[in-house]
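The values are calculated or read from the model by the stated rules, or taken from the named source; none is laboratory data. The structure displayed is predicted, hence computed values, not measured ones. Cβ placement follows ideal geometry from the backbone for every residue including glycine, while neighbour counts extend to all protein chains displayed. Each accessible area value is taken on the protein alone, full model and side chains, heavy atoms only, with ligands, DNA and RNA left out. Shrake-Rupley method; radii C 1.70, N 1.55, O 1.52, S 1.80 Å.
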There are 2 protein chains.
Amino acid sequence: MSDKIAIIVAGGSGTRMGTDIPKQFLLLKGKPVLMHTIQQFFDEDAHTQIIVVLPEYQMPFWKELCVKHHFNIIHAIVKGGETRFHSVKNALDSITQTEGMVAIHDGVRPLVSVDVIKTCFEQLKNHRAVAPVVAPQDSIRKVTNNSSEAVDRSEYRLVQTPQCFDLKTIQQAYLQPYESSFTDDASVVEKTGEPIFLVAGNKENIKITTPFDLKIAEGFI
Amino acid sequence: MSDKIAIIVAGGSGTRMGTDIPKQFLLLKGKPVLMHTIQQFFDEDAHTQIIVVLPEYQMPFWKELCVKHHFNIIHAIVKGGETRFHSVKNALDSITQTEGMVAIHDGVRPLVSVDVIKTCFEQLKNHRAVAPVVAPQDSIRKVTNNSSEAVDRSEYRLVQTPQCFDLKTIQQAYLQPYESSFTDDASVVEKTGEPIFLVAGNKENIKITTPFDLKIAEGFI
């Protein structure tokens with residue numbers, strides 16, 4: 001058994017897409033987005049244990065999709081929670097081994113490169129928490145009440161996934177009570193005092209949340 | 001004569017693209033990127049005065065492209081400067097009228113919507129400086145020396161163009177000496193104490209700086 005675990009969080013309900021189909025199930029080149037995402041982790045290492053987190057009501061539909069698309073990459077399914085935090089916690093609780101490396105990835109980021117996944121896992125040899133980032137292309141403003149001010153964009157990075165952690169470190173971090181400031185897993189781990197090591201992400205690794213994003217991904221794949 | 005002026009800044013040399021052709025001249029659906037950009041301002045209002053800023057050595061090539069592509073939207077060409085700041089200043093110095101509204105736009109943002117241009121100009125009835133922004137999709141980290149920390153992304157906006165200004169306000173602001181913190185025109189104007197009014201941009205209005213961006217734009221247009 002590999003010491004690599006990939007938790008792929010697919011909790012979307014599809015409302016932002018203006019469609020009834022949750023965005024992780026939308027077809028990208030004829031195949032659901034989530035299958036493309038899982039494929040990248042399989043391609044990086046066929047022995048990685050894959051855990052997919054889905055809202056309970058979507059599980060039967062997902063299983064049907066797997067049959068229909070002859071999708072045979074082995075993965076476990078875990079029930080999602082009220083928020084992303086609770087979904088990740090459910091997945092972490094489902095892990096029986098006590099040591100390993102965990103990549104936590106958004107199900108709607110199918111364009112993550114195999115190289116970025118590899119780099120994130122590799123850096124866990126030296127660090128307990130790793131996140132891929134890209135430099136913002138646009139200027140950035142900070143908004144406060146009714147006003148805003150320019151900030152130095154060279155001091156900022158946009159954070160992607162997979163965010164990778166030593167298993168014990170991330171499980172320990174997820175014992176904390178939920179806070180609304182936890183926008184990603186790195187922020188949960190950081191709250192425990194653990195520093196986050198940043199690596200270069202791949203720019204095209206966008207989150208598919210709008211029809212425009214789907215077009216982008218179609219163009220890229 | 002309209003009281004609307006559009007300054008379209010196209011200073012790129014093409015190095016980031018890994019190509020010899022400056023990115024504003026790359027073909028998007030068979031037509032140079034810069035022509036798509038100009039077209040959007042023409043479509044918003046055919047009477048807007050259009051000023052294109054180009055490096056001097058690229059001017060003959062641009063004129064050839066206009067003939068070749070039968071591009072007949074009337075526009076003035078102004079010589080670019082050492083930095084984007086100096087390029088915009090050259091364009092502002094070329095304006096002879098004393099009152100009006102100026103939109104300053106990146107030549108490599110051909111996907112700006114006509115609606116966003118319209119909204120920016122309209123808001124100049126109530127404000128002297130307007131910029132279109134979008135909410136970041138990713139988490140944001142602030143980097144400091146060798147470390148970084150999560151920040152609350154709901155407090156940040158990514159700034160696009162066109163940034164629109166009352167003519168006198170922007171000309172006055174550009175009398176300031178150049179500072180490296182001037183990453184966009186809003187930051188130049190803000191330095192004078194003038195607040196920037198933010199409006200919703202269109203998400204797809206990306207800057208075309210890499211081959212991936214060109215693919216995105218191809219998929220979108």
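Considering only DSSP beta bridges with both partners in the protein assembly as shown, what is the antiparallel share in %, to the nearest 5?
Working: 38 of 76 bridges.
DSSP beta bridges in the protein assembly as shown are roughly 50 percent antiparallel.
Rank these by accessible area, largest first, 1.4 Å probe: B:124, A:27.
A:27, B:124
So what is the calculated 222 nm ellipticity per residue for chain A, using -39500 (n - 2.57) for each DSSP H run with n of 4 or more, over all residues, to the nearest 500 deg cm²/dmol? Before the final figure, lay out each step's value.
Numbers: 7 runs with 65 residues, N = 221.
Result for chain A, helices only: -8500 deg cm²/dmol.
Got a number for carbon plus sulfur as a percent of region B:171-211's accessible area, 1.4 Å probe?
Working: 1090 of 1860 Å².
Using a 1.4 Å probe with all protein chains present, region B:171-211 comes out at 59 percent carbon and sulfur.
Compare each residue of region B:191-217 in its chain alone against the assembly with all protein chains, and report those whose accessible area goes down by 30 Å² or more; 1.4 Å probe, heavy atoms.
B:198, B:203, B:207, B:212, B:215, B:216
Suppose we compare each residue of region A:158-184 in its chain alone and in the full protein complex with a 1.4 Å probe; which ones drop by at least 10 Å² of accessible area?
A:158, A:159, A:183, A:184
Using alpha carbons only, how many angstrom separate the centre of region A:176-191 from the centre of region A:89-166?
Cα centres, region A:176-191 to region A:89-166: 12 Å.
On the rotation axis linking copies B and A, which residue of B comes nearest by its Cβ, and by how many whole Å?
Of all Cβ atoms in chain B, the one nearest the axis gives B:219, 2.
Taking 27 Å as the cut-off for C-alpha to C-alpha distance, list the pairs among A:4/A:215; A:23/B:215; B:168/B:191 that go past it. Before the final figure, lay out each step's value.
On the way: A:4/A:215 32 Å; A:23/B:215 22 Å; B:168/B:191 15 Å.
Flagged as over cut-off: A:4/A:215.
How far is residue B:221 from the same spot in each other copy, in nm, shortest first, if each label point sits 7 Å from Cα toward Cβ?
Label-point distances to the other copies, shortest first: 2.5 nm.
Can you put A:122, A:194 in order of accessible area, largest first, using a 1.4 Å probe?
On the way: A:122 90, A:194 35 Å².
Of A:122, A:194, the descending order of accessible area is A:122, A:194.
Residues of region B:125-153 with accessible area at least 30 Å² lower in the all-protein-chain context than alone (1.4 Å probe)?
For region B:125-153, once contacts with the other chains are taken into account, B:137, B:138, B:139, B:140, B:141, B:142, B:143, B:148, B:150, B:153 lose 30 Å² or more.
Rounded to the nearest whole Å², what accessible area per residue is found for region A:143-201 with the 1.4 Å probe?
Result: 47 Å² of accessible area for each residue.
Chains A and B: how much accessible area gets covered up at their contact, both sides added, probe 1.4 Å, in Å² to the nearest hundred? List each step's numbers first, then the result.
On the way: alone 11670 and 11660 Å², together 19720 Å².
When A and B are taken together, about 3600 Å² of accessible area is lost.
With the contact rule set at Cα under 8 Å and sequence spacing of 6 or more, what percent relative contact order holds for chain A?
Averaging sequence separation for qualifying contacts and normalising by length gives 24 percent for chain A.
If I histogram all Cα-Cα distances within chain B using bins 10 Å wide from 0, what percent of pairs lands in each bin?
With 10 Å bins starting at 0, P(r) equals 8, 33, 38, 18, 3, 0.
Using a 1.4 angstrom probe, figure out how much accessible area region B:6-126 has per residue, in square angstrom, rounded to the nearest whole. Mind dumping the intermediate values first?
Values: 5550 Å² over 121 residues.
Value for region B:6-126: 46 Å² per residue.
Between B:147, B:139, B:180, find the one with the highest GNM mean-square fluctuation for chain B; connect C-alpha pairs within less than 10 Å.
Fluctuation is largest for B:147.
Taking a point 7 Å out from Cα toward Cβ as the label site, list the nm distances between residue A:60 and the same residue in every other copy, smallest first.
Copy-to-copy label distances for residue A:60: 7.3 nm.
Within the accessible area of region B:107-146, what % is carbon and sulfur when the probe is 1.4 Å and the other protein chains stay in place?
Values: 650 of 1670 Å².
Whole-percent figure for carbon plus sulfur exposure: 39.
Among the aspartates and glutamates, which have Cα under 13 Å from the Cα of residue B:63 when same-chain residues fewer than 8 positions away are ignored?
Residue B:63 reaches no qualifying aspartates and glutamates.
Between copies, how far apart are the residue A:172 label points? List them in nm, one decimal, shortest first, with each point 7 Å from Cα toward Cβ, please?
5.8
Within the set of other residues whose C-beta is less than 9 Å from the C-beta of residue B:117, count the net charge using Lys and Arg as +1 and Asp and Glu as -1. Each step should come with its number before you reach the end.
Numbers: positive: B:118; negative: B:43, B:44, B:45, B:115.
Overall, the nearby charge balance is -3.
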